[in-house]
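Visitor: Before I ask anything, let me first share the structure, which is written out below as structure tokens.
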Amino acid sequence: MPDRSDVIYQYDGSFDGLLCCVFESYDKKEIPADVLAPGQHQAMLFAVKNIVTDEQRAGRVLASIPTKMGGLALDFVRHAFLTCLPQKEIYILLFLRLGYQHGPCVMNMLADDVVSTLFKAVTHLKRESHLLKGFVRFSVVNNALTAEIEPKNCVLPLLMDHFCDRYPEESFLIHDKTHGMALIYQPHRHAIIPIDALQLPEPDEEELAFRQLWRLFYDTIAIEGRYNPKCRMSHMPKRYWKYMTEFGQPQELIPKLGDQVKRLSFNIL
Amino acid sequence: MDVFDKLGILADAAKYDVACTSSGVDRNTTAGGMGNAVAAGICHSFAADGRCISLLKVLMTNACVYDCQYCVNRRSNDTPRATFTPRELADLTIGFYRRNYIEGLFLSSGVLKNPDYTTEQLIEVLRLLREEYRFSGYIHVKAIPGADSGLLARLGLLADRMSVNIELPSENSLLLLAPDKSKQSIFAPMGYIKDRIHENTTDIVKYQHAPKFAPAGQSTQMIIGATPDTDFKILNLTESLYKRYSLKRVFFSAYMPVAKSSLLPALDTKPPLLREHRLYQADWLLRFYGFRASELLDEEHQNFNPFVDPKCNWAINHMELFPMDVNRVSYDDLLRVPGIGVTSAKRILTARRTGSLGFDGLKKLGVVLKRAQYFITCSGKARPGLNTTRSIVLQSLMSPKELGMYRIEAQPAQLSIFEQPLLTQEDLSLCLTGPM
Ligand code: SF4
């Protein structure tokens, strides 16, 4: 196996782009010191090679993964790509190289540095998406459901099936403000699209009433004699509270309407 | 009285019921409807007491004609009363569910007029939800002791999970504190539900897509600390409930003094939260770790050791089985090592297929060695530099909280063990399992 060379790859930030980095690494028999997404800068003074995304090359790498190391490894890599792990690209590249070398058992090499780092990152992603299945809060206005989240990982693809399954006859939107993406659903179509600013509609009376009912329930259901804020915090870290109805004040929950209101529309699909 | 007032009263009256999980069944939406159920369960929030909120947990009514001493809703208690109409409750559930506040409904009730009438009201709520709103989310409903089995049957076909609360772990306690209930009135519906659930697995139901009876199974709850019943008694009862009635879960609820009564602990008694915690740990060992109740407690040791958890306690009493070699022993044996849980054991099994594991490898798998290190070897070798100083071992086997408690409560003579240099296995088991 070639040593890590003193070259750095720069790719376009897409999954296909990353697969092309893998292609390049095999083609040139070199292992880059790092793989940079657009806008990332290197700290070392290595030569930066721009890797052009080529569908055919990406397709060849993609097809080889399940045959060489199994479908599980492909799922794993796709998930790894959604994580917030710093330098996830180089880890994925190194993981795939291990996979070509060892075959499907790469998925069992949990004591290897690269594999265990990626496993931890994917576990984090899955945990966050599982938590958000519960913590997402929709507002219902004009019969449409809207929600905002600020996750660390790119969780929308993992939330898609769950929420589409849950509300098959509704129209809903989940805005991931961290990554500038939104999951949009209308019976029975869905899409994940890039979106920057989005002004959610003003809540109506019914919506405000349900928020108050929920806060009443939330405050009532705790048993004073068992008060345990530490335990609550460990199950429900504070960074999720921002968008949760139970912690908002009534006036805070009414979004202000800006001038450049970009009205929410479900006709984007 | 509006829905706000009712919700305030009826959520407050329901909060002592602990069986609030949404797990155990996977289901997709019915055509044109709403909702799914996820077998793993989903927590939608955590209350200020740290407990998971998954379901809208309310009573249909708190206007109860019974007079159970330990209960806030008892007839003789002077408290505001409220009753939901089935429509109000169904609308509330759907409104919460659409906003993703909840996984579904956990509906219990005081006895309004009589058990049959109460059950009819419960059926109406569930019927509205399932038939009118085509709601496929999770529904857990309480069976009212003493209700007609024909009504129970209808209720069970609409619910995901049913439960009959045992409340008190012995018939004596029941006689004393819940004069309107009897062992028979609790175990009869439990037996009926068990038989109906069993029918789900028969071929006719499986192949004809017949509606299933409480597909997520049956659970129950016991109050801990309202009566003198020991942990040994409670754990044995728990084990036999899992076996005899195929229960999915047994929940424990530390008694919160809600009533002044010569039959009950004084009003200023603290809820026995640690005891409840130990029982849950032991329950976990029964359900997932292959332990039997008789391995954890016996006639001589009727209550759990407050300072170490039940698994650690067991291990210390069985040092002849340790150390175990992580590269050799079976999955079942790995599960017996303090500090190694189901996830770690599975990872070890997976990882050792590609090569033998050392202590560094274990760490990378995410195995926490703090406790496990004293009970394992890797390919015959103990952890390099393992410190078996008495105080260090003690600190490792106890959580900071347990250790703090131990330092306060243990006698000065026992405290001196912290100063002595070396700890033998015998010492360890002695100082940790001796009478506290
Ligand atoms: S029957 Fe239930 S609600 Fe009524 S007093 Fe007894 S425990 Fe309380």
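The values are calculated or read from the model by the stated rules, or taken from the named source; none is laboratory data. The structure presented is a predicted model; accordingly, all values stated were derived computationally and were not measured. FYI the Cβ positions are ideal-geometry reconstructions off the backbone, even for glycines, and counts take in every protein chain you see.
Visitor: Can you run down the residue pairs with Cβ atoms below 9 Å, 6 or more apart or on separate chains, where the first is in region A:216-235 and within 7 Å of another protein chain (Cβ to nearest Cβ) and the partner is hydrophobic (A, V, I, L, M, F, W, C) and exposed (fewer than 13 other Cβ atoms within 10 Å of the Cβ)?
Guide: Once the first residue is within 7 Å of another protein chain (Cβ to nearest Cβ) and sits in region A:216-235, its partners that are hydrophobic (A, V, I, L, M, F, W, C) and exposed (fewer than 13 other Cβ atoms within 10 Å of the Cβ) give A:Leu216/B:Phe4.
Visitor: Taking B:Ser182 as the residue in question, decide whether it is away from every other protein chain (no Cβ under 14 Å), within 17 Å of B:Leu126 (Cβ to Cβ) and within 16 Å of the ligand (Cβ to nearest atom).
Guide: So B:Ser182 fails the test.
Visitor: Mind checking which residues of region A:144-159 are touching a residue at least 60 places away in the same chain (Cβ under 8 Å), farther than 22 Å from A:Asp204 by Cβ and surrounded by 21 or more Cβ atoms within 10 Å (Cβ to Cβ)?
Guide: Result: A:Ile149, A:Asn153, A:Val155.
Visitor: While we're on this one: Every residue in region B:72-115 that is in contact with a Ser or Thr (Cβ under 9 Å, 6 or more places away or on another chain) and more than 15 Å from the ligand (Cβ to nearest atom), please.
Guide: Matches in region B:72-115: B:Arg99, B:Tyr101, B:Ile102, B:Glu103, B:Gly104, B:Leu105.
Visitor: Against the condition within 14 Å of chain A (Cβ to nearest Cβ), surrounded by 20 or more Cβ atoms within 10 Å (Cβ to Cβ) and more than 18 Å from B:Leu157 (Cβ to Cβ), how does B:Ile234 come out, does it pass?
Guide: No: the conditions fail for B:Ile234.
Visitor: Mind checking which residues of region B:35-53 are at the interface with another protein chain (Cβ under 7 Å from one of its Cβ atoms) and crowded, with 20+ Cβ neighbours inside 10 Å?
Guide: B:Gly35, B:Asn36, B:Ile42, B:Cys43, B:His44, B:Ser45, B:Phe46, B:Ala47, B:Ile53
Visitor: Another question about this same structure. Can you tell me which residue is nearest to the ligand (Cβ to nearest atom) among those in region B:128-145 that are without any contact (Cβ under 8 Å) to a residue 40 or more places away in the chain and surrounded by fewer than 24 Cβ atoms within 10 Å (Cβ to Cβ)?
Guide: B:Arg130
Visitor: Continuing with this model, one more query. Take B:Arg27 and tell me if it is surrounded by fewer than 19 Cβ atoms within 10 Å (Cβ to Cβ), in contact with a strand residue (DSSP E or B) (Cβ under 9 Å, 6 or more places away or on another chain) and more than 13 Å from every other protein chain (Cβ to nearest Cβ).
Guide: no
Visitor: Restricting to region B:250-264, count the residues that are outside any strand (DSSP E or B) and more than 13 Å from chain A (Cβ to nearest Cβ).
Guide: 6
Visitor: Then there's this: Just to confirm my filter: which helices (runs of 4 or more DSSP H) fall fully inside region B:273-382 and include at least 2 residues that are within 14 Å of chain A (Cβ to nearest Cβ) and in contact (Cβ under 8 Å) with a residue 40 or more places away in the chain?
Guide: Hits in region B:273-382: B:273-288.
Visitor: For region B:157-172, name all the residues that are closer than 21 Å to B:Ser240 by Cα and either away from the ligand (no atom under 13 Å from the Cβ) or surrounded by fewer than 20 Cβ atoms within 10 Å (Cβ to Cβ) (or both).
Guide: B:Arg161, B:Met162, B:Pro169, B:Ser170, B:Glu171, B:Asn172
Visitor: Then there's this: Checking A:Thr53 against (1) under 25 Å from A:Met109 (Cβ atoms); (2) polar (S, T, N, Q); (3) surrounded by 15 or more Cβ atoms within 10 Å (Cβ to Cβ), only one condition comes out false. Which one?
Guide: Only one criterion is unmet by A:Thr53, namely (1).
Visitor: Are any residues in region A:113-139 polar (S, T, N, Q) and under 20 Å from A:Leu94 (Cα atoms), and if so, which ones?
Guide: A:Ser116, A:Thr117, A:Thr123, listed by residue number.
Visitor: Answer with yes or no whether B:Leu177 is of a type in the set (A, V, I, L, M) and away from the ligand (no atom under 16 Å from the Cβ).
Guide: Answer is no for this residue.
Visitor: Taking the residues in region B:54-71 that are more than 7 Å from the ligand (Cβ to nearest atom) and among the hydrophobic types (A, V, I, L, M, F, W, C) as candidates, determine which candidate is surrounded by the fewest Cβ atoms within 10 Å (Cβ to Cβ).
Guide: B:Val65
Visitor: Select from region B:374-414 the residues that are among the β-branched types (Val, Ile, Thr) and modelled with pLDDT of 85 or more and write down the one among them that is surrounded by the most Cβ atoms within 10 Å (Cβ to Cβ).
Guide: Selected residue: B:Ile376.
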